[in-house]
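Shown next, in structure tokens, is the structure this report addresses.
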Amino acid sequence: MVIQPKIRGFICTNAHPVGCAEHVNEQIAYVKALGPVANGPKNVLVIGASTGYGLASRITAAFGSGANTLGLFFEKEPTESKTGSAGWYNTAAFEAAANAAGLWNKHLNGDAFTDELKSQAIDIIRSEMGKIDLIVYSLAAPRRKDPVSGEVYSSVLKPIGQSYTAKNLNTSKREIEEVSVEPANDDEIFNTVKVMGGEDWERWLSQLDAAGVLAEGCQTVAYTYIGKELTWPIYGKATIGKAKEDLDRAAAAITASLADKKGKAYVASLKALVTQASSAIPIMPLYISLLYRVMKEEGSHEGCIEQINGLFRQGLYAAAPVLDEAGRLRMDGKELSDHVQQTVKALWEQVSTETIDTLTDYVGYHNEFLRLFGFGYQHVDYDADVSPVRPLQNLVN
């Protein structure tokens, strides 16, 4: 099968197995070149392990610390006639590299919100890993079924209090347009917090603790984005922001529950990047395109693997990690610095469809988007006939 990108709106509906392997191997090479993470983790559970920051976390744990990793994800398996999802191929590439390096790894493909998957993970940890010293929570999902009530909650991407109108980059039409979003009602806010807040993170840690599979001094981290004035109306101070605030509440509750083990829960605030999730959020494609231009020009741009590598070395496993007033680990300082934000804001005011190429890094944004799905790599022959099937040897069914 010859696999070319099929883009619909803000998503790509297929993925290239060879390109996804290139994507993963680049990140592995970056981590290995920096040497071992001092005092890094040894047994790691990554919830949401197949793309973006979750994938980078698994790579850093395995190839920076030699850790055993159990990865959880919800990905589409390939067939002879259809490609799998990018996360499936990312995991296949990770597995091949980890196996070659003699690193223990297993995977579970399913809904991490369910108690059934939690039980499966606990069984594997207990029988094959021992005790976990790091749990990374990096889920991004549009809906969640409550395991107790059975009720299904759906998240929304809306402002709070009043409608919001702003510029947006329509990546399908390659145009700057105006987008208006109506405010969320109380039910929508509540639902979004139920899906994207800290409730499930707490449930994971509670069940892991009850099962006796958490190590003394264990750490857990969940990822958030805070942003600044340009993104606050649709992100930081919107429905997603309310959900992310709930992560702070959950972190405090988890830390309290792990006091007897000297365990600690952190929220880590990371940089805005092109991800499958951020591509769907109004105004973010334009903001990220402008941010990429500014940060690349000053040499401060970082991708997922650079951010997570820094989080491990300067945050989670540093002797004295720097925390903000809310107790969060911060890796977004360069993005949120005054001079970067002021430059982005000035460009935001000027940009139009006619000036996309001169005022933004649209090309970089688009290329990064393609690379999420294994496309756009110079060393990959996209006219070659390749098999879409990439089985996972270490997948637990």
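So the values come out like this:
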item	result
Where a label projected 7 Å from the Cα of Ala100 along Cα→Cβ would reach, residues of the range 29-67 with amide N under 12 Å	29
Anchor Lys42: aspartates and glutamates whose Cα lies under 19 Å away (excluding residues fewer than 8 positions away in-chain)	Glu95, Asp123, Glu128, Asp133, Asp209, Glu216
Long-range lysine pairs (8 or more apart or interchain), the range 172-259, Cα under 23 Å	6
The range 220-314: mean projected area of Cα convex hull, nm²	7.0 nm²
For the range 174-243, diffusion coefficient by Stokes-Einstein and Kirkwood Rh (Cα), 10 °C, 1.306 mPa s, µm²/s	107 µm²/s
Identified option (computed volume of the Cα convex hull per residue in Å³; candidates (i) 158; (ii) 143; (iii) 174)	(ii)
The range 182-312, relative contact order in percent, only Cα pairs under 8 angstrom and at least six apart counted	28 percent
Residues listed by number, the range 276-298, amide nitrogen under 15 Å from Ala346 label point at 7 Å toward C-beta	291, 293-295, 297-298
DSSP-defined antiparallel bridges as percent of all bridges, the chain, nearest 5	30 percent
Within the range 90-234: Cβ-based charge dipole about Cα centre, in debye rounded to nearest 20 (Lys, Arg +1; Asp, Glu -1)	380 debye
Accessible area (Å², 1.4 Å probe, nearest 10) - Ile226	40 Å²
The range 1-63 - percent of accessible surface contributed by carbon and sulfur, probe 1.4 Å	58 percent
Two-site FRET efficiency, Ser337 against Glu178, from Cβ-Cβ distance with R₀ of 41 Å, rounded to 0.05	0.90
Sorted peptide list for 346-357, 323-334, 77-88, criterion being average Cβ within 10 angstrom, highest first	77-88, 323-334, 346-357
Carbon plus sulfur fraction of accessible area for the range 246-329, probe 1.4 Å, in percent	53 percent
Set of aspartates and glutamates with alpha-carbon distance to Lys145 below 17 Å, sequence-local pairs under 8 removed	Asp111, Asp115, Glu116, Asp187, Glu188, Glu199, Asp200, Glu202
Accessible surface, 1.4 Å probe, highest first, among residues Lys145, Lys264, Lys244	Lys145, Lys264, Lys244
Over the chain: helical MRE at 222 nm, DSSP H runs n ≥ 4 each giving -39500 (n - 2.57), nearest 500	-12000 deg cm²/dmol
The range 249-397 - Rg and Dmax from Cα coordinates, angstrom	19.6, 60
Inter-centroid distance (Cα atoms) of the range 298-326 relative to the range 95-164, Å	23 Å
Inter-label distance, nm, simple model (7 Å from Cα along the C-beta direction), Ala253/Thr13	4.0 nm
Surface per residue (accessible, 1.4 Å probe) for the chain, Å²	42 Å²
Percent of beta bridges antiparallel (DSSP, the range 128-247, rounded to nearest 5)	65 percent
Which of His379, His23, His16, His301 is most accessible, then next, and so on - probe 1.4 Å	His379, His301, His23, His16
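The values are calculated or read from the model by the stated rules, or taken from the named source; none is laboratory data. Keep in mind that what you see is a predicted model, and the values were worked out from it rather than measured. Counting neighbours? That spans all protein chains shown, and the Cβs are built from the backbone with ideal geometry, glycine included. Just so you know, the surface numbers come from the protein's heavy atoms only, side chains and all, with ligands and any DNA or RNA stripped out. Shrake-Rupley method; radii C 1.70, N 1.55, O 1.52, S 1.80 Å.
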